[in-house]
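Here's the structure we're looking at; comments come further down.
The values are calculated or read from the model by the stated rules, or taken from the named source; none is laboratory data. All figures in this text were calculated on a predicted structure; none of them were measured in a lab. No Cβ is skipped: glycine too gets one built from the backbone with ideal geometry, and neighbour counts run over all protein chains shown. Just the protein is used for accessible areas: all its heavy atoms, side chains included, with ligands, DNA and RNA removed. Shrake-Rupley method; radii C 1.70, N 1.55, O 1.52, S 1.80 Å.
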Amino acid sequence: MQRILWLVVAVAFVAGMVIPRDVEPEEECPARDTRVMAPYAVTGYWVMPRADLCVTRRMVEAVHAIGGDTLITFGPRFAAGQDPDFDGCLLDGRPCAEVPGKRIRQVYSYASSEEFGPGLLRCPGIDRRFETGDRVVYRLSLAGSCSDAEHDLVLISTDGDGLGHLMREASAYGMTVFPGLPAAPQRAGKPWEPDLGHLAALNAFTARVLADYGRRFGGLSAFGGMYQSFELAMRSRSGRDPIIELYAAQHKVVAAALPGKKLVVSPYIDARKGRGFPPAQAGEGLADIAATRAGLPMAVAVQDGRGTGKVPVYAPHEAGAEVAPRLVPVVGEVSNAEAYHGSTGDYVGAAARRVPDGVELWVNVEGFEPTPAPGECGRLDPLPPRGRTTKSRLDLQVMAAGPHAAKVISYGWDPFFTCQSRYDTPSLADDIAAGWQQPIIVNAYRKELGGRPGVLVEGHNLRGGTLSFAGVAVRQEWYGRDRLESAWAPYTPAAPWTPVTATNAAGHSSTNPYVLP
């Protein structure tokens, strides 16, 4: 078991804890510890639902302990065709996809980590819940009427109620969950595009699932809305786009089933020359995505691209510098300007200028490296393999998100924040817990205060202490707090591209300098 999963459990147990009314107390797991002990700037993570309730509790507790208040899951693939795992499935002595007296036009498969409520079953004799081996299986008809002669069927298999556990535990910790919408079938030969020939079936199935969520999770404080699981690039598009068409159709279903709930979308950006697109297109892409929200509140959590190597993190004066060593396997030993159209900050800034009412701009900082280094833990499956990053690198990504991000989240908790190179070495989450008080500057600019010239910085953990300009330490004379913290010191930079770091009253210093133009 990864050490971070035991982080808060090993520290202390809470006696006499008050559990919210919408959460049923459980006796078989260790008591919850709802303290936030190391509030970091990243406040949301992608997680995997787990069938084991106690594992779920430890995971939620560990995320919460370092300031996480938001959990996101991917939706399973709504796949056209019968999965081979169902080939031996029998119901009443017949293959599961056979219904006496009915013609079956199309079979879909859905492998989930949740147990649905009885309201999911509508057609007696056709819709069934049953057990086969160690799995629970649901068979659903998508026909408009149970008496129709022809039916589309969905075969659902589940390994337990992982999503239900996650919802109830998150409610107990005061957190918010965005479960993934059923992901659309992919086009043969073009898996990056949805197969819109199955859109009607997908929408019918989505409506059934969301109606069940409304019944099961409607009273839980953690249920914040839905995550759009089908990925797209946040760029300008010409003419009719199948992914935007999918978004518009599926989001209408969400608006009808769960009015007022928030949609979360996490599009990617790609700055690589020859394969990607320039920053100016990011704003147009955000506007297209926002237009699909069907009146619902939406958060567009743009993937920053650093983990995949699609987008670098560098200051404006570093365009001519060589790319970071961990990006060389992606773009080669060239300069930033030769390899990329721009940096993360350029794309986030362009997107921020096109955020409409009803939409929030979040930033999804990718918590991994493009490839693993020797002896480094990370992810081997699914491909491509990815490596573990550092807390300092993650700080740099938070800085690149700038002051524009209403929220910073990260993909993904397991394995990138929990893996260990050896049993006795810290995970990334352990490093965050140890260094969470280190200041992070996300913005800095010249500002007069009381008629005196100076520099104001914005960010996290800035209170008290000094601001250092190219090694010259100046004591802070003003501090304020809103969505971000702000600190001011009297100083006039003598030259452009002045590096600024902060040391707070607790004695902790920035891991990376912010460069003042």
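To keep it simple, each residue is scored yes or no on (1) assigned to a helix (DSSP H, G or I); (2) modelled with pLDDT of 95 or more; (3) touching a helix residue (DSSP H, G or I) at 6+ places or on another chain (Cβ under 9 Å); (4) small (Gly, Ala, Ser).
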| residue | (1), (2), (3), (4) |
| --- | --- |
| ARG293 | no, yes, yes, no |
| THR308 | no, yes, yes, no |
| ARG326 | yes, yes, yes, no |
| PRO329 | yes, yes, no, no |
| GLY345 | yes, yes, yes, yes |
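Name the single residue that is farthest from LEU71 (Cα to Cα) among those in the range 190-212 being of a type in the set (D, E, K, R), open to solvent by 20 Å² or more (accessible area, probe 1.4 Å) and touching a residue at least 12 places away in the same chain (Cβ under 8 Å).
Out of the qualifying residues, it is ASP195.
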Query raised in the report: For the range 363-375, how many residues meet the condition of being open to solvent by 10 Å² or more (accessible area, probe 1.4 Å) and either farther than 13 Å from LYS310 by Cα or over 22 Å from the mean Cα position of the chain (by Cα) (or both)?
Result: 4
Report task. May I ask you to list pairs of residues, at least six apart or on different chains, whose Cβ atoms are under 6 Å apart, with the first in the range 51-78 being closer than 13 Å to SER410 by Cβ and the second being part of a helix (DSSP H, G or I)? Result -> ILE66/ILE432; ILE66/ALA433; LEU71/ALA170
Requested in this report: Go through the residues of the range 6-16 one by one and say whether even a single one is at pLDDT 95 or above, more than 21 Å from GLY162 (Cβ to Cβ) and surrounded by fewer than 22 Cβ atoms within 10 Å (Cβ to Cβ).
Outcome: no
Query raised in the report: For the range 23-43, how many residues meet the condition of being open to solvent by 40 Å² or more (accessible area, probe 1.4 Å), at pLDDT below 50 and under 21 Å from PRO179 (Cβ atoms)?
Result: 0
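Scan SER221, SER229 and give me the residue that is more than 19 Å from GLN303 (Cβ to Cβ), of a type in the set (Ser, Thr, Tyr) and in contact (Cβ under 8 Å) with a residue 60 or more places away in the chain.
Answer to the check: SER221.
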Query raised in the report: Does the range 376-392 include one or more residues that are among the hydroxyl-bearing types (Ser, Thr, Tyr), buried (at least 23 other Cβ atoms within 10 Å of the Cβ), in contact (Cβ under 8 Å) with a residue 40 or more places away in the chain and out of contact with any Lys or Arg (no Cβ under 6 Å at 6 or more places or on another chain)?
Result: yes
**Report entry** Members of the range 277-309 found to be under 23 Å from LEU394 (Cα atoms) and either open to solvent by 10 Å² or more (accessible area, probe 1.4 Å) or out of contact with any strand residue (DSSP E or B) (no Cβ under 9 Å at 6 or more places or on another chain) (or both), listed by number
**Finding:** PRO279, GLN303, ARG306, THR308
Query raised in the report: Among the residues of the range 262-280, is any closer than 30 Å to LEU121 by Cβ and part of a loop (DSSP other than H, G, I, E, B)?
Result: no
Query - For VAL472: the one exception among (1) among the β-branched types (Val, Ile, Thr); (2) more than 21 Å from VAL398 (Cβ to Cβ); (3) within 27 Å of the chain's Cα centre (by Cα) - result: (3)
Requested in this report: Give the range 321-341 a look and list any residue that's without any contact (Cβ under 8 Å) to a residue 12 or more places away in the chain and open to solvent by less than 50 Å² (accessible area, probe 1.4 Å), or say none.
Outcome: VAL328, GLY332
Requested in this report: Six or more apart or on different chains, Cβ under 7 Å: which pairs go from a residue in the range 399-417 that's in contact (Cβ under 8 Å) with a residue 60 or more places away in the chain and in a helix (DSSP H, G or I) to one that's among the β-branched types (Val, Ile, Thr) and open to solvent by 20 Å² or more (accessible area, probe 1.4 Å)? Could you list them?
Outcome: ALA400/VAL313
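Within the range 420-487, which strands (runs of 3 or more DSSP E) (wholly inside it) include 3 or more residues that are open to solvent by less than 30 Å² (accessible area, probe 1.4 Å) and within 22 Å of VAL42 (Cα to Cα)? Explain how you work it out, then say what you get.
Numbers: elements: 440-446, 455-460, 466-469, 472-475, 478-481.
The strands (runs of 3 or more DSSP E) meeting that bar are 440-446.
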Requested in this report: Test each condition in (1) surrounded by fewer than 19 Cβ atoms within 10 Å (Cβ to Cβ); (2) more than 29 Å from PHE417 (Cβ to Cβ); (3) modelled with pLDDT under 95 for CYS89 and report the one that comes out false.
Outcome: (1)
Query - Answer from ARG240, ARG235, ARG215 - the residue that is open to solvent by 10 Å² or more (accessible area, probe 1.4 Å), modelled with pLDDT under 95 and basic (Lys, Arg) - result: ARG240
Query raised in the report: Within the range 154-173, is there a residue that is free of Cβ contacts under 8 Å to residues at least 60 places away in the same chain, farther than 22 Å from GLN303 by Cβ and assigned to a loop (DSSP other than H, G, I, E, B)?
Result: no
Requested in this report: Determine which single condition ALA183 fails, assuming it passes every other condition in (1) in contact with a Gly (Cβ under 6 Å, 6 or more places away or on another chain); (2) crowded, with 24+ Cβ neighbours inside 10 Å; (3) of a type in the set (A, V, I, L, M).
Outcome: (2)
Requested in this report: Please specify each residue of the range 44-57 satisfying the condition of being open to solvent by 30 Å² or more (accessible area, probe 1.4 Å) and either basic (Lys, Arg) or within 23 Å of VAL398 (Cβ to Cβ) (or both).
Outcome: ARG50
